[in-house]
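Peer 1: Could you have a look at this structure, given as structure tokens, before my questions?
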Amino acid sequence: FLSAVTVYNINIVVIESAFDIMKLLVLVLLATAVLAKHEIYQGWKSYYLGPSTTVQLSTLATLFDQYEVDVLSHPVLQREGVVLVKPEFQGPFTKALDTVGINYRVHADDVKKALDIDDENIAKKKQQSRTRNNGAQLPYDNYQELDVIYEYLRNVAAKYPDTVTLVQPASTFEGRPMYYLKISTTNFEDESKPVIFIDGGIHAREWISPPSVTWAIHKLVEDVTEPDLLERFDWILLPVVNPDGYSFTFSHSRFWRKTRSTDQHSLSYLCPGVDGNRNYDFAWNTVGTSNNPCTDIFAGGSPFSEVETRVVRDILQEYLHRTALYLTMHSYGSMILYPWGHDGSLSHNAFGLHTVGVAMAEVIDSKSLPN
Ligand SMILES: [Zn+2]
């Protein structure tokens, strides 16, 4: 902060009026805001991790706890993951990896700098896409901020009123609207049609999740190559479950994961937010969760404490009798997960889920870019 103030003070020699002082203040404030962004990641590094045995995988779980490692993408055997490590733990963490023989390499040597560069690229791309598309289409060469996604949802609903309905079920903790689209050739009135529900963005920092949902919208109504998908099914598409958190990843902290509620714990004012994906009622607060609001996996004060998860619950309840498929998009790793996550047992329809999952994985794999 100090350096920004200093630069402007020494460069501006003559201040002629109160108006100029105002301008100067605005400049200083802007410069401060820019410099402050990503400041908390000063000195952080990210690493690729490539465990090669199941023993190493379980050792990693312990090391993650011990060194407060933030897992961006979970490693599995034969596929590297990516983790963030604070400056004070980089030495001991890599030493521990060496000791147990887990392969690793640096992903970003200077996380703050990498984020600053990302920001510059996003700003540049934003300008280009605006010129190219004139705001009518959602660009897929860049991550979009919440208002752009929302404008797109409103546009699609206005442009295709016969099939698309925009629903605003609630507002978030911080008062942002939540939106989802219902897409149907029969206005959701044909009870014999199965419903497919896809949501994204419950974890704020998983930026590739919302565009995977908006892309489904695009393929259902704007660029239809498989019309039977819309003929045979009714669709519910909720691209951003956690708008407060998503906005916060753009404005403040790139790696924010939770909601932004401050009413769940006496410490919530210091450590806001609940992990939405730990806030559902099934086996609530049992495995892979925490009672500590300062962790990224805080389950909340009670199941469905968050309005954002209540919206998902209510959609599922409303259409449960004819829901054929519910998908929730994350980017925690190249995985397709199906229940049960809390104890690893198989659900009654596990065989069907596994078969569908393998088919999905094969299609994704066939489209994936070479390394
Ligand atoms: Zn996630």
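The values are calculated or read from the model by the stated rules, or taken from the named source; none is laboratory data. Here the structure is a predicted model, which means the values were calculated and not measured. Positions of Cβ are backbone-derived with ideal geometry, glycine not excepted, and every protein chain shown enters the neighbour counts. Side chains are part of the model used for accessible areas, which takes the heavy atoms of the whole protein and leaves out ligands, DNA and RNA. Shrake-Rupley method; radii C 1.70, N 1.55, O 1.52, S 1.80 Å.
Peer 1: I want the local charge near M329. Using Cβ-Cβ distances under 11 Å, sum +1 for each Lys or Arg and -1 for each Asp or Glu among the other residues.
Peer 2: Details: positive: none; negative: D199, E206.
Spelling it out: positives minus negatives among the neighbours equals -2.
Peer 1: Please give, to one decimal in nm, the separation of the simple spin-label points placed at E120 and S171, each 7 Å out from Cα toward the Cβ.
Peer 2: Calculated label separation equals 3.9 nm.
Peer 1: A further question on this structure: Ignoring chymotrypsin sites (Phe, Trp or Tyr not before Pro) that are buried or in helix or strand per DSSP, and keeping those with at most 14 other beta carbon atoms within 10 Å, what is the longest stretch of the chain between them? Don't skip to the end; give the middle numbers.
Peer 2: Numbers: sites that count: F1, Y140, Y269, F282, W340.
Looking at the chain, 2-139 is the longest stretch - no exposed chymotrypsin sites (Phe, Trp or Tyr not before Pro) with at most 14 other Cβ atoms within 10 Å.
Peer 1: Using a Förster distance of 45 angstrom, determine the FRET efficiency expected from the C-beta separation of R105 and T185, and round it to 0.05. All intermediate terms of the calculation are to be shown ahead of the outcome.
Peer 2: Working: r = 50 Å, r/R0 = 1.12.
About 0.35, to the nearest 0.05.
Peer 1: What residue among P339, P177, P272 has the largest mean-square fluctuation in a Gaussian network model of the chain, using Cα springs under 10 Å?
Peer 2: P339
Peer 1: List, in the order given, every pair from K86/K219; K126/K193; K193/K219 whose Cα-Cα distance in the structure shown is over 29 Å. List each step's numbers first, then the result.
Peer 2: Details: K86/K219 41 Å; K126/K193 39 Å; K193/K219 19 Å.
In this structure, K86/K219; K126/K193 lie more than 29 Å apart at Cα.
Peer 1: Can you check what the net charge comes to around S268, using other residues whose Cβ is under 11 Å from the Cβ of S268 (Lys, Arg +1; Asp, Glu -1)? Mind showing how you got there, number by number?
Peer 2: Details: positive: K258, R260; negative: D263.
Here the charged neighbours net out to +1.
Peer 1: Still on this structure: Say a paramagnetic label sat at a point 7 Å from the Cα of D162, along Cα to Cβ; which residues of segment 173-198 have their backbone N under 18 Å from it?
Peer 2: Residues 182-190 fall inside that zone.
Peer 1: Let me ask something additional. Given the options L49, L346, L57, state which has the largest fluctuation in a GNM of the chain using a 10 Å cut-off (strictly under) for Cα springs.
Peer 2: Checking each option, the largest mean-square fluctuation is seen for L346.
Peer 1: Any chance you could run the full-extension gain for Y48 through M335? It's 0.36 nm times the residue separation minus the Cα-Cα distance, nm to one decimal.
Peer 2: On the way: separation 287, 0.36 × 287 = 103.32 nm, distance 1.68 nm.
Length gained, Y48 through M335: 101.6 nm.
Peer 1: Can I ask one more? What percentage of the solvent-accessible surface of segment 46-90, computed with a 1.4 Å probe over protein heavy atoms, is contributed by carbon and sulfur atoms? Spell out each step's value before the answer.
Peer 2: Working: 1110 of 2120 Å².
Its accessible area is 52 percent carbon and sulfur atoms.
Peer 1: Rounded, prolate or oblate: pick one for segment 142-335, where a ≥ b ≥ c are the square roots of the eigenvalues of its C-alpha gyration tensor, a/c under 1.5 means rounded, and failing that, prolate if a/b is larger than b/c, else oblate. The partial results should precede the final answer.
Peer 2: On the way: a/c = 2.10, a/b = 1.63, b/c = 1.29.
Note, shape of segment 142-335 comes out prolate.
Peer 1: Still on this structure, I have one more. Given points 7 Å out from each Cα along the Cα-Cβ axis, report the V356 to L369 separation in nanometres with one decimal.
Peer 2: 2.9
Peer 1: Please label the shape of segment 286-356 as rounded, prolate or oblate, based on the square roots a ≥ b ≥ c of the eigenvalues of the alpha-carbon gyration tensor (a/c under 1.5 means rounded; beyond that, a/b larger than b/c means prolate, else oblate). Walk me through the numbers before you get to the answer.
Peer 2: On the way: a/c = 1.98, a/b = 1.29, b/c = 1.53.
Judged from the Cα gyration tensor, segment 286-356 comes out oblate (a/c at least 1.5, b/c at or above a/b).
Peer 1: Sticking with this one: Would you look at the GNM of the chain, springs on alpha carbons closer than 10 Å, and say which of L327, L270, L146 moves the most?
Peer 2: Checking each option, the largest mean-square fluctuation is seen for L270.
Peer 1: Here's a follow-up. Grab the Cα-Cα distance for Q317 and A61, subtract it from 0.36 nm times how many residues apart they are, and report the gain in nm with one decimal.
Peer 2: Details: separation 256, 0.36 × 256 = 92.16 nm, distance 3.51 nm.
Going from the current span to full extension adds 88.7 nm.
Peer 1: Additional query: For the chain, what does the accessible surface come to per residue with a 1.4 Å probe? Please give it in Å².
Peer 2: Details: 20290 Å² over 371 residues.
Result: 55 Å² of accessible area for each residue.
Peer 1: Under a Cβ-Cβ cut-off of 13 Å, what is the net charge of the residues other than T59 that fall near it, where Lys and Arg count +1 and Asp and Glu count -1? Can you show the working numbers first?
Peer 2: Numbers: positive: none; negative: D65, D98.
Every neighbour counted, the sum reads -2.
Peer 1: Whole-Hz ³J(HN,Hα) for each residue in segment 76-88, computed from phi via Karplus 6.51 cos²θ - 1.76 cosθ + 1.60 with θ = phi - 60°, x for glycine and proline: what do you get?
Peer 2: Here the 3J(HN,Hα) series is 10, 4, 6, 9, 5, x, 10, 10, 9, 10, 5, x, 5 Hz.
Peer 1: Shape verdict for the chain, please, from the Cα gyration tensor: rounded (a/c under 1.5), prolate (a/b greater than b/c) or oblate.
Peer 2: Details: a/c = 1.72, a/b = 1.18, b/c = 1.45.
It is oblate, given that a/c is not under 1.5 and a/b is not larger than b/c.
Peer 1: Can you show me the helix-derived [θ] at 222 nm for the chain, built from DSSP H runs with n ≥ 4 at -39,500 (n - 2.57) apiece and divided by the number of residues, rounded to the nearest 500. Write down the numbers at each step before the final one.
Peer 2: Numbers: 11 runs with 147 residues, N = 371.
-12500 deg cm²/dmol, from helical runs alone.
Peer 1: Taking the Cα-to-Cβ direction at S347 and at L77 and moving 7 Å from each Cα, how far apart do the two end points lie in nm?
Peer 2: 2.6
Peer 1: Order the following by accessible area, largest value first: T259, T94, T225, T53. Probe radius 1.4 Å; ligands, DNA and RNA are ignored.
Peer 2: Values: T259 5, T94 25, T225 85, T53 60 Å².
Result of the area sort, largest leading: T225, T53, T94, T259.
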